[in-house]
Amino acid sequence: MAAYLDNNASTKLLPVAAEAMQPYLADSYGNPSSPHRFGQESRRAVEKARSAVAELLGAMSPSEIIFTSCATESINQAFHIAWEVRSTKRLHIVTSSVEHAAVLEASEFYRAKGATLSIIPVNSSGDLDLDRLDSVLAKSPAFVSLILANNETGVIFPVEKAGIICRSHKALFHLDATQGIGKMPASVRDWHCDYLSISAHKFHGPKGVGALFVRAGGPRTSFIKGHQETGARGGTENVPGIVGMGVAAEETHSTLATGVDRMASLRDM
């Protein structure tokens, strides 16, 4: 008997999500950008999934959800938006010392292009130094990117408090929520974030699809050029993957309380 103990890396696809994807891998093959009924059938499926993801995250509107290929792409898009918005005023990136490689490498990429970079330390328990965050943000407008739940240590950052600090200093706040979704209640409003990145395969959806939350009214620009996703992300949408992500989001949202209790029991055992 094999025991799989690596759910932080990837979860098993839910059978109900796999079943929902099947028609869009074979019979329902229309391009969701096409105006004919084949395309519009796919469009309705994409928009249904968008609503499900928005509900999972506590977003105000499905229009705040942009579908991507994964959380890493979503993270890079958030950084790109910040660079486009703030580069003329010299972008100041603020992040922590224990971020996922996707955030740390994006930070270094834009530092090499001319941005300044501040790294906020953590204490011996892995907790974020909020006083240091506050003092750093008081010096200049910034783009802040923080992890919600650490994939190595399991530490959960006090993101609600961090979000309030960011808002008080008019900083753009991006949250890498990849490891937290499906393991704790989510609320982009309570977290006060402008951007949030997730990946479907972390909560029993398929690989190859993710999403970027962009707060309504917040700055947005396309990272991959094209007209899809209302101009926010070019390229024909991955309809089967998006459908699977939507179903996984619905299931995660409806079973979160019992699911978390089950995970805690398995962890303790």
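The values are calculated or read from the model by the stated rules, or taken from the named source; none is laboratory data. Just so we're clear, the structure is a prediction, and the values are computed from it rather than from any experiment. Quick reminder, even Gly has a Cβ in these numbers, built from the backbone with ideal geometry, and neighbours come from all protein chains shown. Note: accessible area is taken over every heavy atom of the protein model, side chains too, but ligands, DNA and RNA are not part of it. Shrake-Rupley method; radii C 1.70, N 1.55, O 1.52, S 1.80 Å.
Report the charge-dipole magnitude of the chain in Debye, nearest 20, computed about the Cα centre from +1 at each Lys and Arg Cβ and -1 at each Asp and Glu Cβ.
780
Counting other Cβ atoms within 10 Å, which trypsin sites (Lys or Arg not before Pro) in segment 1-98 have at most 15 and lie in a DSSP loop?
12, 90
Based on DSSP, what percent of beta bridges with both residues in segment 1-145 are antiparallel, to the nearest 5?
10
Where in segment 182-216 is the amide nitrogen less than 20 Å from a point lying 7 Å along the Cα-to-Cβ axis of residue 236?
Correct set: 207-210.
Take the chain, connect every pair of alpha-carbon atoms lying under 10 Å apart with a spring to form a Gaussian network, then pick out the residue of 59, 112, 142 with the largest mean-square fluctuation.
112
What share of the DSSP beta bridges in the chain is antiparallel, in percent to the nearest 5? Walk me through the numbers before you get to the answer.
Working: 11 of 28 bridges.
Bridges in the chain that DSSP calls antiparallel: roughly 40 percent.
Specify whether the C-alpha gyration tensor of segment 159-269 places it in the rounded, prolate or oblate class, a ≥ b ≥ c being the square roots of the eigenvalues: rounded for a/c under 1.5, otherwise prolate if a/b is larger than b/c and oblate if not. Spell out each step's value before the answer.
Numbers: a/c = 2.73, a/b = 1.17, b/c = 2.33.
Cα axes put segment 159-269 in the oblate bin.
State whether segment 31-189 is rounded, prolate or oblate according to the following rule on the C-alpha gyration tensor (a ≥ b ≥ c being the square roots of its eigenvalues): a/c under 1.5 gives rounded; otherwise a/b larger than b/c gives prolate, and the remaining case gives oblate.
Prolate.
What accessible area per residue comes out for segment 128-237, rounded to a whole number of Å², with a 1.4 Å probe?
Value for segment 128-237: 40 Å² per residue.
With springs connecting C-alpha atoms under 10 Å apart, model the chain as a Gaussian network and identify which of 182, 244, 208 has the largest mean-square fluctuation.
Ranking 182, 244, 208 by mean-square fluctuation puts 208 first.
I'd like the Karplus ³J(HN,Hα) series for segment 94-99: coefficients 6.51, -1.76, 1.60, θ = phi - 60°, whole numbers in Hz, and an x wherever there's a Gly or Pro.
Residue by residue, segment 94-99 yields 10, 8, 9, 7, 10, 7 Hz.
Count neighbours as other Cβ atoms within 10 Å of each site's Cβ, and list the GluC sites (Glu not before Pro) in segment 90-164 that are DSSP loop with at most 12 such neighbours.
Answer by residue number: 152.
Determine the percent antiparallel among the DSSP beta bridges restricted to segment 115-269, to the nearest 5.
Taking every DSSP beta bridge with both residues in segment 115-269, the antiparallel ones total about 45 percent.
Heavy atoms only, probe 1.4 Å: what % of the accessible area of the chain goes to carbon and sulfur, would you let me know? Please list the in-between numbers first.
On the way: 7060 of 12930 Å².
Roughly 55 percent, rounded to a whole number.
Full-extension gain between residue 264 and residue 33, please, as 0.36 nm times their residue separation minus the C-alpha to C-alpha distance.
Between residue 264 and residue 33, full extension yields an extra 78.9 nm.
Calculate log10 I(q)/I(0) of segment 207-269 for q = 0.28 Å⁻¹, where I(q) comes from the Debye formula with a single equal point scatterer on each Cα and nothing for solvent.
Cα-only, vacuum Debye calculation for segment 207-269: -1.16.
Count neighbours as other Cβ atoms within 10 Å of each site's Cβ, and list the chymotrypsin sites (Phe, Trp or Tyr not before Pro) in segment 27-90 that are DSSP loop with at most 11 such neighbours.
Listed in order of number, the matching sites amount to none.
Can you show me the helix-derived [θ] at 222 nm for the chain, built from DSSP H runs with n ≥ 4 at -39,500 (n - 2.57) apiece and divided by the number of residues, rounded to the nearest 500.
Rounded to the nearest 500, it is -13500 deg cm²/dmol.
Measure of size requested: the Rg and Dmax of segment 79-161, with Cα atoms as the atom set and Å as the unit; please supply both.
According to the Cα coordinates of segment 79-161, Rg and Dmax are 12.7, 38 Å.
Along the positive direction of the dipole of the chain (beta-carbon charges: Lys, Arg +1; Asp, Glu -1; about the Cα centre), which of 213, 91, 162 reaches farthest?
91
Can you tell me how segment 13-90 classifies by the Cα gyration tensor, rounded, prolate or oblate, using a/c under 1.5 as the rounded cut?
prolate
If you wrap the chain's Cα atoms in a convex hull and average its projection over all directions, what's the area in nm²?
Taking the Cα atoms of the chain, their convex hull projects to 15.2 nm² on average.
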